[in-house]
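Quick notes on the structure that follows.
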There are 2 protein chains.
Amino acid sequence: MITQTSLSEMRFGADSDRSGFDAAFIAIEVARLLHEKQDAAIREFLESQELADIAALIDELEIGDDLAVLRLLPLHDQAELLGYLRPRAQTDLATRIPRRELVALMTAMSHDERADLFKQLDEEAQEAILPALSKAEREDLRRLAAYEEWTVGSVMTSDYATLKPEMTSTQAIEALRMQAIEAETIYSAYIIDEERKLIGVVSLRDLLTARPRQSVAEVMDTEPVWVRADDEQEEAARLVARYDLLALPVLDNNDRLVGIVTADDAMDVTEEEVTEDFHKGSIVQPLEMSVAEASIALLYRARIFWLVLLVFGNIFSGAGIAYFEETIAAHLSLLFFLPLLIASGGNAGTQSATLMVRALATGDVRPADFGRLLAREVLIALGLGLTMAFAVSVIGVWRGGPEIAAVVALAMITIVMVGALIGMCLPFIFARLDRDPAAASGPLVTSIADVLGVLIYFTIAARLLSL
Amino acid sequence: MITQTSLSEMRFGADSDRSGFDAAFIAIEVARLLHEKQDAAIREFLESQELADIAALIDELEIGDDLAVLRLLPLHDQAELLGYLRPRAQTDLATRIPRRELVALMTAMSHDERADLFKQLDEEAQEAILPALSKAEREDLRRLAAYEEWTVGSVMTSDYATLKPEMTSTQAIEALRMQAIEAETIYSAYIIDEERKLIGVVSLRDLLTARPRQSVAEVMDTEPVWVRADDEQEEAARLVARYDLLALPVLDNNDRLVGIVTADDAMDVTEEEVTEDFHKGSIVQPLEMSVAEASIALLYRARIFWLVLLVFGNIFSGAGIAYFEETIAAHLSLLFFLPLLIASGGNAGTQSATLMVRALATGDVRPADFGRLLAREVLIALGLGLTMAFAVSVIGVWRGGPEIAAVVALAMITIVMVGALIGMCLPFIFARLDRDPAAASGPLVTSIADVLGVLIYFTIAARLLSL
């Protein structure tokens, strides 16, 4: 029999090993309790859990049950929990919540998450909700929802805390206390003039350590780091990371404060960005959603483009081989080394590109470092090429005698050096052309290195072996 | 003539475009002012700058000048600035600071950064510094420095704020005010018993919104998320991101509080981790430092291993080709399609692996999803294979007639499907074996797909063409 005890045990289990929260397993027990109308037991269980975990639980529940469990939480927790759900799960749940209840929920949500949810609702649902909101909230929602997907505006929130410069630190702390329920954070507060222009930022920590009668104007930072609402969202993430900020103020083109980007939202942007970089640096077109949520058709489309494109790239390699058919027919043992030589050029190039793309992305390397790095790359590539040539010439002597060994060794040095230098230069060239260096890695480098590898190998073979 | 004006203009320039802080350019001006003994002008400039930017500036200055500029800052800013320098630059600077001054600086540094710096000093410098510190600080330093590089302990800090459960919220806020100078953060405070066991966590926000006489015990979260000091540091980063924490408490194996990991340190761990994943998923062995700082010898070593290993992998492909020498000699036009077919298998496999590795890393996909995803992958791979086969058969008819076209088309479907399924399964197999799925991508998939590609292609060719 399922009693309250079993859930407390689970709670204990989940608690003693923090990654041990098994949402699927707990969902089964919660669903049973729900059907036995043991709401109190569930509520008690939920109280001891983190909202992120409850969101994972709700994600696992059947339609209907999920809404029932959500409703067992206090309104503010419900609103916050929605932010932890994946976009699709969030919309799915929201469309099943009665209009009136949804309006109450959205009023309690943080402004950025509310706008994100709103954008995903269909037009009918949007138009039903808008009139039920207050005028100020309606305008706030419309303004936030208007920013394009890639902008800072689309990730900022407008529920920031504000202070007046003439307040004493004691008054300021009291003012923050009053704003604590509404504001996304009260640890950074923003000081604006009558035109809403940003004139300073102050941390709660600085207010607490200030003398009680010291004014906000004396304590605040008058030259804070900020970002424009229509900048790219990655710029906000970069600034938050560089300056270790808890929140970054966002200004419109008239220098008016329109929102803030909090550190946790900046982290989400970085995670999205990294996934995009992974896909860009690979041969998959970036997906707008998680792999688990993407449809078969979408995944097919994200992959077929590169696959077909690379077929045409490889036709050049094939044509190169066809061009040297005579040489090959005369020395069929050359074929043994073909995969090995071609792959080595691509591998060396991919290595250089990987290192440079990531270093450019993290700022460890700047475009200005190109000359110094190029000189170094030549030395490294020479070292790699010599080592590889030695390894492969041993096999060469064994498979085809000293002549073949010489051809293969010479081809290896040349191919590795050419591959490595292409891999190193391409990301810098892309950066110089204001394109994303990540697009320069993997497939492009390998394709170029493949074609050049075939040409270098058989040219050297044709020359040396016809002597 | 260089005057104060030029620096103010630069400040303005840097300010109106926040990424426009050109450290190299500003360093030249600052160096000149330094040699003209215009310390006041430099100091005024520094006051308007963020510490992260001043660190970039100091990094650009000549030896001697960097120390002179550092000394123009107040002691606390000097201590904080050291944390923004790259490890090597930090050590380099620290070894040039007179012992007494260094001890004062290290006393003012945050505990985690101090321990990191200490670990990098040579033994002589370490032994010179230890006796100059207070006993408590010496022990703290030794304890923090003792954690291994990959553990939570190595990124946590011990300067956290503590409260007693019986304090009223007003007393607690006052207590945090007193701890604000020393503590890394006062926005999360930790409640411990006499044995230093963690009994709760409370945020400054909750203290501020509590009733003045409400006790800490009533407001605190008694089941906070925590992590063990000897867990992997990635676990701490994962928890901070999942639960949107500002700081995560760290417990030893006796449940005693030994430190906290702050959100910005967690972000640094994530960045390192992502770089490591980039390198792991590639054919470069993870570097312990940035590419810009790594020596030629280190980079050579990080790359040669994979390059040579993959040569041996490719020998199998070469051997496969050699095995089918007769078939090839009889149908030399088959060679034209060799690069194209082999590459397509590797490409399709790399695509699947890229998608799965990243999705497993972000938690979008779990090992339990394997069955569902496999079924989907079969359909996608079939679609990709058919499209590719169609494209390549057109070229096949043109280059070698209908027989060759049939061979090439059939080989393409098989190779793409086999490649895609290997690429999809390997990360899951690695995850199941408790190894990092990232290691399963790129090179391994391509090597396996290459060998199988050669075998599949020529086996089909030998069968069909001998009919």
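The values are calculated or read from the model by the stated rules, or taken from the named source; none is laboratory data. Keep in mind the model is a prediction, meaning the values are calculated, not measured. Every residue, glycine among them, receives a Cβ derived from its backbone with ideal geometry; neighbour counts consider all protein chains shown.
Quick look at the values:
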{"item": "Some residue of region A:152-174 being on the phi < 0 side of the Ramachandran plot, of a type in the set (G, A, S), at pLDDT below 95 and surrounded by fewer than 19 Cβ atoms within 10 Å (Cβ to Cβ)", "result": "no"}
{"item": "Extreme residue, surrounded by the fewest Cβ atoms within 10 Å (Cβ to Cβ), among residues of region B:223-238 that are away from chain A (no Cβ under 11 Å) and in a loop (DSSP other than H, G, I, E, B)", "result": "B:D230"}
{"item": "Odd one out for A:A217 among (1) touching a helix residue (DSSP H, G or I) at 6+ places or on another chain (Cβ under 9 Å); (2) in contact (Cβ under 8 Å) with a residue 40 or more places away in the chain", "result": "(1)"}
{"item": "Extreme residue, nearest to B:D65 (Cα to Cα), among residues of region B:10-40 that are acidic (D, E) and modelled with pLDDT under 75", "result": "B:D15"}
{"item": "Conditions (1) more than 28 Å from B:A431 (Cβ to Cβ); (2) within 8 Å of chain A (Cβ to nearest Cβ); (3) modelled with pLDDT of 90 or more; number of the one not met by B:A292", "result": "(3)"}
{"item": "Of all residues in region B:188-201 being surrounded by 22 or more Cβ atoms within 10 Å (Cβ to Cβ) and within 14 Å of another protein chain (Cβ to nearest Cβ), the one that is farthest from B:E166 (Cα to Cα)", "result": "B:S188"}
{"item": "Among (1) in a helix (DSSP H, G or I); (2) within 8 Å of chain A (Cβ to nearest Cβ), the one test that B:V408 misses", "result": "(2)"}
{"item": "Qualifying residue in region B:242-260 (condition: in a helix (DSSP H, G or I) and among the hydrophobic types (A, V, I, L, M, F, W, C))", "result": "no"}
{"item": "Given (1) surrounded by 19 or more Cβ atoms within 10 Å (Cβ to Cβ); (2) in contact (Cβ under 8 Å) with a residue 40 or more places away in the chain, index of the condition B:A55 fails", "result": "(2)"}
{"item": "Hey, B:V311 modelled with pLDDT of 90 or more and at negative phi or not", "result": "no"}
{"item": "Some residue of region B:135-142 being within 19 Å of B:G259 (Cβ to Cβ), surrounded by 15 or more Cβ atoms within 10 Å (Cβ to Cβ) and not acidic (D, E)", "result": "yes"}
{"item": "Listing of helices (runs of 4 or more DSSP H) fully contained in region A:48-144 that carry 2 or more residues being in contact with a helix residue (DSSP H, G or I) (Cβ under 6 Å, 6 or more places away or on another chain), of a type outside the set (G, A, S) and within 24 Å of A:I28 (Cα to Cα)", "result": "A:51-60, A:65-70, A:75-82, A:87-94"}
{"item": "Selected residue [part of a helix (DSSP H, G or I), hydrophobic (A, V, I, L, M, F, W, C) and either closer than 20 Å to B:A438 by Cα or in contact with a strand residue (DSSP E or B) (Cβ under 9 Å, 6 or more places away or on another chain) (or both)] from B:F305, B:F336", "result": "B:F305"}
{"item": "Among residues of region A:445-467, those that are modelled with pLDDT of 80 or more, among the aliphatic types (A, V, I, L, M) and surrounded by fewer than 22 Cβ atoms within 10 Å (Cβ to Cβ), counted", "result": "7"}
{"item": "From the options A:L426, A:L452, A:L382, residue that is outside any loop (DSSP other than H, G, I, E, B) and away from chain B (no Cβ under 14 Å)", "result": "A:L426"}
{"item": "Out of B:R96, B:R100, B:R43, sole residue that is surrounded by fewer than 19 Cβ atoms within 10 Å (Cβ to Cβ), under 27 Å from B:L133 (Cα atoms) and more than 31 Å from the chain's Cα centre (by Cα)", "result": "B:R100"}
{"item": "Of residues in region B:310-333 being over 45 Å from the mean Cα position of the chain (by Cα) and more than 8 Å from chain A (Cβ to nearest Cβ), the one surrounded by the fewest Cβ atoms within 10 Å (Cβ to Cβ)", "result": "B:E326"}
{"item": "Any chance B:G345 is crowded, with 24+ Cβ neighbours inside 10 Å, under 29 Å from the mean Cα position of the chain (by Cα) and more than 7 Å from every other protein chain (Cβ to nearest Cβ)", "result": "no"}
{"item": "Qualifying positions in region A:348-362 - in contact (Cβ under 8 Å) with a residue 12 or more places away in the chain and over 27 Å from B:V308 (Cβ atoms)", "result": "A:L360, A:A361"}
{"item": "Tally, over region B:356-412, of residues that are of a type in the set (D, E) and within 15 Å of B:L464 (Cα to Cα)", "result": "1"}
{"item": "Some residue of region B:400-409 being farther than 21 Å from A:F305 by Cβ, at pLDDT 90 or above and small (G, A, S)", "result": "yes"}
